[in-house]
Amino acid sequence: ALSKQVVGTPGMLPYPNGIELFGKRYFGHTLGHGDIVVVENEKILAKTKETYGKESGWVKRLIGLPGDFLQLRDGILYRNGIPQKEPYTASPQSTFGGPFLPDCTGIRVPRGKYFIMGDNRKGSSDSRHDVGFIEEKDIQFVLPYADQKGVVDKLWRDAIADLTPAAKSH
């Protein structure tokens, strides 16, 4: 599925990357909204072992960065109060809450933490449900959002009308 396509993509970079000098990183990718990441931690390994019988990491999308305020309402992701058009999701207005981030409840992403979701929002184990926030050290690889154009965006939807009532997911 998507994980095989993305992991096999030449543009996927190890993370962190760049050069570290005197405790500062140079020439590396700074994580951003929409980046695809491979994440792995104890909760994820336990969840994949329980679900698939084998431990593995997850391929997910970075949705919330440190300081972001996230809310899910009527199937729409709001980041810092702004409804998001997400062409990479399987269907529009399909982002509903879970135990960690219920619908109509806001949450601020703490410093050093990230919020991840899968593109198939109705069938994705992710920060809303199973693992909550992830730490930067959990991120193994990254495919920057800008580098997805012409590589994995062929399957994206036209999101121009995503926020209209006609796009409501059922």
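So here's what we get for this one:
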{"item": "Cα long-axis angle, helix 42-52 against the chain (0 to 90 degrees, to the nearest 10)", "result": "60"}
{"item": "Stretch gain in nm, segment R111-F27, where the contour uses 0.36 nm per residue and the Cα spacing is subtracted", "result": "28.0 nm"}
{"item": "Dipole of the chain [Lys/Arg +1, Asp/Glu -1 at C-beta], most positive-end residue of G64, N17, Q84", "result": "Q84"}
{"item": "Long-range HN-HN contacts of D103 with modeled amide H, under 5 Å", "result": "G97, G98"}
{"item": "Volume of the Cα convex hull of the chain, divided per residue and given in Å³", "result": "125"}
{"item": "Segment 39-123 - convex hull of the alpha-carbon atoms, volume per residue in Å³", "result": "96"}
{"item": "Computed [θ] at 222 nm, deg cm²/dmol, the chain (DSSP H ≥ 4; -39,500 (n - 2.57); rounded to nearest 500)", "result": "-3000 deg cm²/dmol"}
{"item": "Over 23 Å between alpha carbons, listed pairs K85/K168; K113/K149; K24/K113; K47/K168", "result": "K113/K149; K47/K168"}
{"item": "Reciprocal of mean inverse Cα separation for segment 105-170 (Kirkwood radius, Å)", "result": "14.7"}
{"item": "Solvent exposure ordering (accessible area, 1.4 Å, most first) of K113, K154, K43, K85", "result": "K154, K43, K85, K113"}
{"item": "Estimated dipole of the chain in Debye, rounded to 20 [Cβ of Lys and Arg +1, of Asp and Glu -1, Cα centre]", "result": "120"}
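The values are calculated or read from the model by the stated rules, or taken from the named source; none is laboratory data. As the structure is a computational prediction, the values presented were derived from the model and not from experiment. Methodologically, a virtual Cβ is constructed for each residue, glycine included, from the backbone with ideal geometry; neighbour enumeration extends over all protein chains shown. Please note that ligands, DNA and RNA were not included when accessible areas were found on the heavy atoms of the full protein model with its side chains. Shrake-Rupley method; radii C 1.70, N 1.55, O 1.52, S 1.80 Å.
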